[in-house]
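First the structure, in the form of structure tokens, and then the observations on it.
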Amino acid sequence: MTNPPVGVERRIGQRFAFNLPVSLRDVATGVEGLGFTQDLSSRGVFLFTDMALNEGAEVELTLKMPSEITLGENMRVRCRGLVLRVVRPADTPWKPAGSADAETKIGVAVCLKGYEYLPEPEDSSADFRRISALHSASGADRPAIPASPRVSVH
């Protein structure tokens, strides 16, 4: 009878499977790109992107860090980190978890070195384009909502 090999977990922080949008910037070249996370911890992230990155590159990532990691509220953060591993789609016999888009993207493992907490924008919905034909871009077409009567308790 043989026992299966025991895997040693080298990660210190707990990983969470979050599919979050992330913006990236290569610190050396200033090149910017977009991606999405597969999993995330307080010390590292594995993400998918179209951006060409190399092992050893210093990168900045901007994302909304979930409360499971901040131990408070969800917060926008800019993280600085080092690319530890780059996985090209042709290099993997496995299918990434999460999104079908991940099959054509480059997988990147980043060790996070520091965080900068960013202020929330005044109206974060202003950053997104209108996606429904049912809603107009201006509030002029919206019906007025009558004020509810106030009830006083004596």
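The values are calculated or read from the model by the stated rules, or taken from the named source; none is laboratory data. Note that the structure is a prediction, hence the values are computed from the model and not measured. In this analysis, Cβ positions are derived from the backbone assuming ideal geometry, glycine residues included, and neighbour counts consider all displayed protein chains.
Of all residues in segment 25-48, those that are assigned to a strand (DSSP E or B) and in contact with a Leu (Cβ under 6 Å, 6 or more places away or on another chain) total 4. Restricting the search to segment 46-72, which residues are more than 18 Å from Lys113 (Cα to Cα) and more than 12 Å from the chain's Cα centre (by Cα)? If the condition is that a residue be more than 18 Å from Lys113 (Cα to Cα) and more than 12 Å from the chain's Cα centre (by Cα), then Asp50, Met51, Ala52, Ser67, Glu68, Leu71, Gly72 are the ones that fit.
Among the residues of segment 54-68, is there at least one that is modelled with pLDDT of 80 or more, of a type outside the set (Phe, Trp, Tyr), crowded, with 17+ Cβ neighbours inside 10 Å and not in a strand (DSSP E or B)? Yes, segment 54-68 contains a residue that is modelled with pLDDT of 80 or more, of a type outside the set (Phe, Trp, Tyr), crowded, with 17+ Cβ neighbours inside 10 Å and not in a strand (DSSP E or B).
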